[in-house]
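Report on one structure; see the data block that follows.
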Amino acid sequence: MDEDEAATSGNHTVCPLCGGAGVVSDPKYAVIAGTARTIDNGRPCRGCEGNGYRSGLIPPV
């Protein structure tokens, strides 16, 4: 079963931690070309393991 079939088979809930994006923001302070900036590469969501959804129907709390 490939990823597309897994996403369409059964009931799934959009991950409430990442909003279905599969990543959450992880801002970092950086100095780029002598200018202080905040960059955000993001990191994989621990709630859905990067899928953007959770198996089953999970009501928001």
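The values are calculated or read from the model by the stated rules, or taken from the named source; none is laboratory data. Computed from a prediction, not measured in an experiment: that's the story for all the values here. Don't worry about glycine lacking a Cβ; one is built from the backbone with ideal geometry, like all the others, and counts go over all protein chains shown.
The residues of the stretch 30-61 that are of a type in the set (Gly, Ala, Ser) and more than 14 Å from residue 14 (Cβ to Cβ), listed by number, are 30, 33, 34, 36, 42. Restricting attention to the stretch 37-58, the residues that are free of Cβ contacts under 8 Å to residues at least 40 places away in the same chain and assigned to a loop (DSSP other than H, G, I, E, B) add up to 9. The C-beta contact set for the stretch 25-36 (first residue over 30 Å from residue 52 (Cβ atoms), second residue modelled with pLDDT of 90 or more and among the β-branched types (Val, Ile, Thr), distance under 7 angstrom, 6+ apart or interchain) is empty. Scanning the stretch 9-28 for residues that are assigned to a strand (DSSP E or B), of a type in the set (Gly, Ala, Ser) and at pLDDT 90 or above turns up nothing.
Kindly check whether there is at least one residue in the stretch 43-61 that is hydroxyl-bearing (Ser, Thr, Tyr) and either modelled with pLDDT of 90 or more or exposed (fewer than 10 other Cβ atoms within 10 Å of the Cβ) (or both). Taking every residue of the stretch 43-61 in turn, none turns out to be hydroxyl-bearing (Ser, Thr, Tyr) and either modelled with pLDDT of 90 or more or exposed (fewer than 10 other Cβ atoms within 10 Å of the Cβ) (or both).
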